[in-house]
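Q: Got a structure here, written out as structure tokens. Questions coming.
The values are calculated or read from the model by the stated rules, or taken from the named source; none is laboratory data. All of these numbers come straight from a predicted model, not from anything done at the bench. Cβ placement follows ideal geometry from the backbone for every residue including glycine, while neighbour counts extend to all protein chains displayed.
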Amino acid sequence: MNFYLQSFLIFLRIGLFTIGGGYAMVPLIESEIVDKRKWVSKDDFIDLLAIAQSAPGVFAVNIAIFIGYKLRKFPGALAMAVGTILPSFVIILAIALFFQQFKQYEAVENVFKGIRPAVVALIAAPCFNLAKSAKINRHTLWIPVVSALLIWQLGVSPVYIIILAGLGGYLYGRSASKKTNDDSSHPTKSPQP
């Protein structure tokens, strides 16, 4: 099957059957793109998630565009983005046309009440997978905890958190590299016999 058609259909299916928005799509996208097809490595996927999160716009569309662009430049980005957008567009259009007719039904309201907790789980699951992939340990656990608190409690924009984390990672890497170079430039003297 043509790559563009295949990628369009994958993202169309994910967009059609995912309730809860972009973050709920993450485990499905990861399963299809990383695990099944191995189009993108786990590390690249995590990097693309970070970029998609920090970019302006809708997260689901951003991740589709970044994955598509990485794989096949503009045509790949277009195929995956349209596949992601089309189901939501059609469903929202249908809901807008018929919403007034079925919104008062208790059964419809109960269905949405039942879906909400499942959506929370769909959003939480990729967080745990990302934590494992990011190799978070007891020394680095404070970073996501403090970041989450800054966002939830103080209303700090996630963009600033990502910029600070990137700057911190750069400085840490530079410091570790400098320390390694300093250690290798001063060899230890072996005792004289």
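Q: Of the residues PRO144, PRO117, only one is closer than 26 Å to ASP35 by Cβ, without any contact (Cβ under 8 Å) to a residue 24 or more places away in the chain, out of contact with any strand residue (DSSP E or B) (no Cβ under 6 Å at 6 or more places or on another chain) and not assigned by TED's automatic domain parsing to the domain that holds SER31; which?
A: Working: PRO117 fails: not assigned by TED's automatic domain parsing to the domain that holds SER31.
Going through PRO144, PRO117 in turn, the sole match is PRO144.
Q: Among the residues of region 8-20, is any closer than 20 Å to VAL119 by Cα and of a type in the set (Gly, Ala, Ser)? Lay out the reasoning, then the answer.
A: Residues of region 8-20 closer than 20 Å to VAL119 by Cα: 11-20.
Of the ones still in play, those that are also of a type in the set (Gly, Ala, Ser) are 15, 20.
Checked region 8-20: at least one residue is closer than 20 Å to VAL119 by Cα and of a type in the set (Gly, Ala, Ser).
Q: Only one of these is more than 12 Å from the chain's Cα centre (by Cα) and surrounded by 18 or more Cβ atoms within 10 Å (Cβ to Cβ): PHE66, PHE11, PHE112, PHE102. Name it.
A: On the way: PHE66 fails: more than 12 Å from the chain's Cα centre (by Cα); PHE112 fails: surrounded by 18 or more Cβ atoms within 10 Å (Cβ to Cβ); PHE102 fails: surrounded by 18 or more Cβ atoms within 10 Å (Cβ to Cβ).
Answer to the selection: PHE11.
Q: Can you tell me which residue within region 26-72, out of those that are of a type in the set (Lys, Arg) and assigned to a helix (DSSP H, G or I), is nearest to GLY166 (Cα to Cα)? Give the derivation first.
A: First, the residues of region 26-72 that are of a type in the set (Lys, Arg): 36-38, 42, 70, 72.
Applying the additional criterion that residues be assigned to a helix (DSSP H, G or I) yields 36, 42, 70, 72.
Details: LYS36: 30, LYS42: 19, LYS70: 21, ARG72: 27 Å.
Ranking the qualifying residues of region 26-72, first place goes to LYS42.
Q: If you check every pair at least six apart or on different chains, which have Cβ atoms under 7 Å apart with a residue in region 35-50 that is on the phi < 0 side of the Ramachandran plot first and a residue that is in a loop (DSSP other than H, G, I, E, B) and surrounded by fewer than 19 Cβ atoms within 10 Å (Cβ to Cβ) second?
A: ILE46/ALA134
Q: Report whether or not ALA118 is closer than 24 Å to PRO56 by Cα, under 19 Å from the mean Cα position of the chain (by Cα) and in a helix (DSSP H, G or I). Write out each step before concluding.
A: Values: closer than 24 Å to PRO56 by Cα: no; under 19 Å from the mean Cα position of the chain (by Cα): yes; in a helix (DSSP H, G or I): yes.
Taking the combined requirement at face value, the residue does not satisfy it.
Q: Can you find a residue in region 165-180 that is surrounded by 13 or more Cβ atoms within 10 Å (Cβ to Cβ) and either under 18 Å from ALA50 (Cα atoms) or touching a residue at least 60 places away in the same chain (Cβ under 8 Å) (or both)?
A: Taking region 165-180 first, the residues surrounded by 13 or more Cβ atoms within 10 Å (Cβ to Cβ) are 165.
After this cut, where a residue has to be either under 18 Å from ALA50 (Cα atoms) or touching a residue at least 60 places away in the same chain (Cβ under 8 Å) (or both) as well, the list is 165.
There is at least one residue in region 165-180 that is surrounded by 13 or more Cβ atoms within 10 Å (Cβ to Cβ) and either under 18 Å from ALA50 (Cα atoms) or touching a residue at least 60 places away in the same chain (Cβ under 8 Å) (or both).
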